[in-house]
Amino acid sequence: MTSIRVRNALVLVVTTLVILVGVWAVQTQFGAAPTVQPGAVTSVSVASDVPAPTVGDLAADFTGTALDGSTVTLSELRGQPVWLVFQATWCADCRAEAPDVATLATTYAGRAQVVSVYVGEDAATVKAYADKLSLTYPQVPDQSQQIASAYRVMGIPSHFFLDSSGVIRSIRVGVLSPADASAELDALLG
């Protein structure tokens with residue numbers, strides 16, 4: 001009788017493990033985005049001795065190299081609204097919202113510019129990530145964290161919505177729903 005109970009318990013444990021490993025394998029293999037709550041944020045540590053930007057400030061100018069080799073200079077994007085998204089490839093919250101950001105970048109193309117800045121990451125890592133997700137808008141690796149430092153990024157994803165003059169009109173930290181992001185962009189477009 002005892003050997004039957006042990007055998008049944010062993011079968012139950014093995015079956016549970018097989019199911020858990022299967023779920024993990026499917027999510028890993030197919031790159032399933034993690035489920036997160038709107039507003040979810042991942043803390044990052046970026047050294048900075050500049051004051052944090054606030055709504056109404058002129059956005060700190062920067063120049064970075066996008067994955068396609070082009071130079072992205074924020075001040076050269078003036079004339080249209082800009083949505084700066086600070087994120088990282090390892091950030092679950094960032095990965096969860098990436099498809100929505102990509103869709104909105106396409107939806108607002110020609111009317112607003114979306115630029116993703118990857119905090120503390122090199123070009124090879126960002127390229128592999130962007131290629132996997134087919135991201136077509138500018139992706140700027142910020143390995144030295146100079147750009148993130150200028151914006152005092154403390155959590156990712158962080159969103160800075162700039163008007164066509166380069167003035168910060170909204171700062172949002174955490175995952176944004178597509179509706180919230182669209183509302184921010186629509187407000188910039190008037």
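The values are calculated or read from the model by the stated rules, or taken from the named source; none is laboratory data. All figures in this text were calculated on a predicted structure; none of them were measured in a lab. Note that each Cβ is placed from the backbone with ideal geometry, even for glycine, and that neighbours are counted across all protein chains shown.
From the list 104, 135, pick out the single residue that is part of a loop (DSSP other than H, G, I, E, B) and touching a helix residue (DSSP H, G or I) at 6+ places or on another chain (Cβ under 7 Å).
135
Looking at segment 55-88, which of its residues are in contact with a Lys or Arg (Cβ under 9 Å, 6 or more places away or on another chain), under 19 Å from residue 151 (Cβ atoms) and surrounded by fewer than 18 Cβ atoms within 10 Å (Cβ to Cβ)?
Passing the criteria: 55, 56.
Being touching a Leu at 6+ places or on another chain (Cβ under 7 Å) and buried (at least 23 other Cβ atoms within 10 Å of the Cβ) is the requirement here; does residue 153 meet it?
Details: touching a Leu at 6+ places or on another chain (Cβ under 7 Å): no; buried (at least 23 other Cβ atoms within 10 Å of the Cβ): yes.
Spelling it out, it is not the case that residue 153 is touching a Leu at 6+ places or on another chain (Cβ under 7 Å) and buried (at least 23 other Cβ atoms within 10 Å of the Cβ).
Could you please let me know if residue 83 is assigned to a strand (DSSP E or B) and either in the same structural domain as residue 145 (by TED's automatic domain parsing) or at positive phi (or both)?
Yes, satisfied.
For segment 155-166, give me the residue count where each residue is in a strand (DSSP E or B) and touching a helix residue (DSSP H, G or I) at 6+ places or on another chain (Cβ under 8 Å).
4
Being more than 13 Å from the chain's Cα centre (by Cα) and in a loop (DSSP other than H, G, I, E, B) narrows it down to one of 169, 152, so name that one. Can you show your working first?
Working: 169 fails: in a loop (DSSP other than H, G, I, E, B).
Step by step, each of 169, 152 is checked, and only 152 is more than 13 Å from the chain's Cα centre (by Cα) and in a loop (DSSP other than H, G, I, E, B).
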